[in-house]
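First up is the structure itself, then whatever we jot down about it.
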Amino acid sequence: MTQAEIKLCSLLLQEHFGEIVEKIGVHLIRTGSQPLRVIAHDTGTSLDQVKKALCVLIQHNLVIYQVHKRGVVEYEAQCSRVLRMLRYPRYIYTAKTLYSDTGELIVEELLLNGKMTMSAVVKKVADRLTETMEDGKTMDYAEVSNTFVRLADTHFVQRCPFVPATENSDPGPPPPAPTLVINEKDMYLVPKLSLIGKGKRRRSSDEDATGEPKAKRPKHTADNKEPIPDDGIYWQANLDRFHQHFRDQGIVSAVANRMDQTSSEIVRTMLRMSEITTPSNAPFTQPLSSNEIFRSLPVGYNISKQVLDQYLTLLADDPLEFVGKSGDSGGGMYVINLHKALGSLATATLESVVQERFGSRCARIFRLVLQKKHLEQKQVEDFAMIPAKEAKDMLYKMLSENFISLQEIPKTPDHAPSRTFYLYTVNILSAARMLLHRCYKSIANLIERRQFETKENKRLLEKSQRVEAIIASMQATGAEEAQLQEIEEMITAPERQQLETLKRNVNKLDASEIQVDETIFLLESYIESTMKRQ
Amino acid sequence: MAGNKGRGRAAYTFNIEAVGFSRGEKLPDVVLKPPPLFPDTDYKPVPLRTGEGEDYMLALKQELRETMKRMPYFMETPEEKQDIERYSKRYMKVYKEEWIPDWRRLPREMMPTKKCKKAGPKSKKAKVTGQGTSLTNPADVLKKIEELEKRGDGEKSDEENEEKEGSKEKSKEGDDDEEDDAAEQEEYDEEEQEEENDYINSYFEDGDDFGADSDDNMDEATY
């Protein structure tokens, strides 16, 4: 784990779970797998708090445990899973586009709580949806259940490994920790539940009016003693499936940018057909025949078979090699080269970064070296048609930032510099890694700056929140316009200006985080796909 | 060697012209400090993407941040005691729902130890009797011996119930320190309670042995 990753994990954990969990989590990420007492001793926190923190982290799938010999249980943190927390808004938004509000809320609840039983999810989501509906309408549990089943069928949510029901045949003491198991076919099996009911609206105004102090309310709601029918069966969001979806989206939009809408639709159809048959980390999809593709095109598209064939030929001949032809039976067998597609996307990202950082002439040199693989200094100047001095300057700038690397080819065994060829080359994998590292640093900087800005203006923010609360309560009890006006004037005009600026800055920083995360996703997918092939 | 032209004169081992400098002496100055922290960039960054999806995700992100702070998983750091306790603080506390994890899925050492006062000596007893095969290291053994020496005579009868609970829930290693502390605290309390009244505890419990033991009690007057 690089320092940049650890710093980013630390910021994320602190924002989402507080300082104590952050301390434990970062310690585990730094030092690897450790037992409970060592963690408590090294971090200097009390055992009780370490236990609570570990419970929270395990609940959210950020830490796993393993029983080692002599009954010692060791805990290990999953750094990459912590970094996924940046992507939660994107997961939830994707669920919204695919399964509308119900699906969005289901995925949101699962991400916020780590793991939940199906009945708990359905109940919570129904309650939340009922809140937003008009008075008198409620959301039925059946509808939420249906959406849940659909999410499970398309593998967007999956079952967590569970404790196997042992018959306790061994007379020894029970193991210090349960071993959780799950097999492939059970992962998406929805238990047969008959969840009948409707969402409840939380009538907060009535309860407040009776004058009960707020402390009493949680006790009422936690009071249901009904047995849970699917006890022990927990569900979690399947992040890999979301990643597969993002990757498909990326490929389709790349094709749309490069060619046209119809070709992107064809590629989207091909990807949809391969969702179930191809594992997510395969280098290319299963071959699909042109006839099959024609049959599976979306209903609205009425292009003739011949036009489809022409498009497919065009796609297969494209130098980017997103689509490849693997045979001629069935009207032509076509595959999508997933690995090559990811490589192209990563390369495009690198080129774009070089262009934005160093200028378009540098970008030209970069693309040239990419294309020709190895070039000498003189050849670069000739091919790029850029004067020698400038070409050298640009090459050295890119070299110093590690976008380009040097390959030495000695002519003599003593590697004398005057008798060695120095060739410039681009190693895409290492450049992608370098860029990924910079992305982690960028996001860490963005988060720090946002926290700094918020802290600077903390007093002002609190004041504005108080004023808003006062206005809201006054409006609820019916107040005159003049009184509201007076309260609003408690915040002076320059303060309002300051608040506006703060809001704009925080929004910009947040939006930047989300968009840097998209780059991170691309680069990580490419690196992962490359590593799997080696 | 053959490459050594001109003794004492600097000679480059490579062709200087290949790097871009002519044979004159106009090499740039050596930079003696690290590069600046915020260097000037020639090219300004591209503006962010805007759109419906981006706006929605932004709102989601900010909402999630707020929601996470109110969830029971967010562990608040206990604040240091302030000089004056503000009256309003009592009413501004956000009441969070208590979250109980599913203990069946977690290692046994994760369960919290019961911190009630009477639990100390009970757990000691459970540890000593029930779990003779526990993994001990020398420090723990010494501590245990110390505790046993310090412990008083009588066990109150109403604490028997808690012993059973204690032995079920506690695990071997994870609770050593906690139990020691709890036990020490508990014993201190017992001693305090003993000091508050002049009666010795054994006076009431050992009803049958009253006559026999009275010779051993130092407070009784001896004739």
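Summary table
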quantity	calculated
Lone qualifier among A:Arg70, A:Arg84 - being in a helix (DSSP H, G or I) and out of contact with any helix residue (DSSP H, G or I) (no Cβ under 8 Å at 6 or more places or on another chain)	A:Arg70
Answer from A:Glu468, A:Glu408 - the residue that is acidic (Asp, Glu) and exposed (fewer than 12 other Cβ atoms within 10 Å of the Cβ)	A:Glu408
Leading residue by the ranking (nearest to A:Asn61 (Cα to Cα)) among those in region A:76-111 that are of a type in the set (D, E, K, R), crowded, with 19+ Cβ neighbours inside 10 Å and touching a residue at least 24 places away in the same chain (Cβ under 8 Å)	A:Arg84
Check on A:Ser145, crowded, with 19+ Cβ neighbours inside 10 Å, within 23 Å of A:Val181 (Cα to Cα), touching a Leu at 6+ places or on another chain (Cβ under 9 Å) and more than 10 Å from chain B (Cβ to nearest Cβ)	no
Top-ranked residue in region A:11-66 [being facing chain B (nearest Cβ under 7 Å) and aliphatic (A, V, I, L, M); ranked as farthest from A:Val181 (Cα to Cα)]	A:Ile20
In region A:265-289, residue farthest from A:Lys532 (Cα to Cα) [restricted to those that are crowded, with 20+ Cβ neighbours inside 10 Å and hydrophobic (A, V, I, L, M, F, W, C)]	A:Ile266
Counted residues, region A:107-125 - those being within 10 Å of chain B (Cβ to nearest Cβ) and within 15 Å of the chain's Cα centre (by Cα)	4
Of all residues making up region A:402-459, the number that are basic (Lys, Arg) and within 14 Å of another protein chain (Cβ to nearest Cβ)	6
Filtered residue count, region A:484-510, keeping only those that are closer than 10 Å to A:Ser464 by Cβ and of a type in the set (Val, Ile, Thr)	1
Matching residues in region A:315-332 - criterion: being in contact with a helix residue (DSSP H, G or I) (Cβ under 8 Å, 6 or more places away or on another chain) and under 30 Å from A:Leu429 (Cβ atoms)	A:Leu315, A:Asp318, A:Leu320, A:Glu321, A:Phe322, A:Val323, A:Gly324, A:Lys325
Hey, A:Thr477 of a type in the set (Ser, Thr, Tyr) and farther than 30 Å from A:Asp393 by Cβ or not	yes
Answer from A:Leu499, A:Leu406 - the residue that is of a type in the set (A, V, I, L, M) and assigned to a helix (DSSP H, G or I)	A:Leu499
Selection count, region A:330-368, where residues are in contact (Cβ under 8 Å) with a residue 40 or more places away in the chain, within 14 Å of another protein chain (Cβ to nearest Cβ) and not in a helix (DSSP H, G or I)	0
Candidate set from region B:46-59 (those that are part of a helix (DSSP H, G or I) and over 16 Å from A:Arg450 (Cβ atoms)); member that is farthest from the other protein chains (Cβ to nearest Cβ)	B:Glu52
Close pairs (7 angstrom Cβ cut-off, 6 or more residues apart or separate chains): within 14 Å of chain B (Cβ to nearest Cβ) and among the charged types (D, E, K, R) in region A:226-255, surrounded by fewer than 20 Cβ atoms within 10 Å (Cβ to Cβ) and assigned to a loop (DSSP other than H, G, I, E, B) anywhere	A:Asp230/A:Pro191; A:Asp230/A:Leu193
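Per-residue answers, yes or no, for (1) within 11 Å of another protein chain (Cβ to nearest Cβ); (2) at pLDDT 90 or above:
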| site | (1), (2) |
| --- | --- |
| A:Lys69 | no, no |
| A:Tyr93 | yes, yes |
| A:Thr102 | no, yes |
| A:Leu105 | no, yes |
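The rows are residues; the columns are (1) acidic (Asp, Glu); (2) in contact with a Phe, Trp or Tyr (Cβ under 7 Å, 6 or more places away or on another chain); (3) without any contact (Cβ under 8 Å) to a residue 40 or more places away in the chain; (4) assigned to a helix (DSSP H, G or I).
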residue	(1), (2), (3), (4)
A:Leu370	no, no, no, yes
A:Leu375	no, yes, no, no
A:Ile386	no, no, yes, no
A:Asp393	yes, no, yes, yes
A:Ser418	no, yes, yes, yes
A:Leu423	no, no, no, no
A:Leu429	no, no, no, yes
A:Arg449	no, no, no, yes
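Results for (1) hydrophobic (A, V, I, L, M, F, W, C); (2) modelled with pLDDT under 90; (3) surrounded by fewer than 19 Cβ atoms within 10 Å (Cβ to Cβ); (4) more than 30 Å from A:Leu288 (Cα to Cα), shown as yes or no for each residue.
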site	(1), (2), (3), (4)
A:Gly343	no, no, no, no
A:Val354	yes, no, no, yes
A:Phe383	yes, no, yes, yes
A:Ala391	yes, no, no, yes
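Rundown of residues vs (1) among the acidic types (Asp, Glu); (2) touching a strand residue (DSSP E or B) at 6+ places or on another chain (Cβ under 8 Å), yes/no style:
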residue: A:Asp240; (1), (2): yes, no
residue: A:Met270; (1), (2): no, yes
residue: A:Ser280; (1), (2): no, no
residue: A:Ser289; (1), (2): no, yes
residue: A:Leu315; (1), (2): no, yes
residue: A:Asp318; (1), (2): yes, no
residue: A:Gly331; (1), (2): no, yes
residue: A:Leu338; (1), (2): no, yes
residue: A:Ala348; (1), (2): no, no
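The values are calculated or read from the model by the stated rules, or taken from the named source; none is laboratory data. These numbers were taken from a predicted model, which means no experiment stands behind them. In this analysis, Cβ positions are derived from the backbone assuming ideal geometry, glycine residues included, and neighbour counts consider all displayed protein chains.
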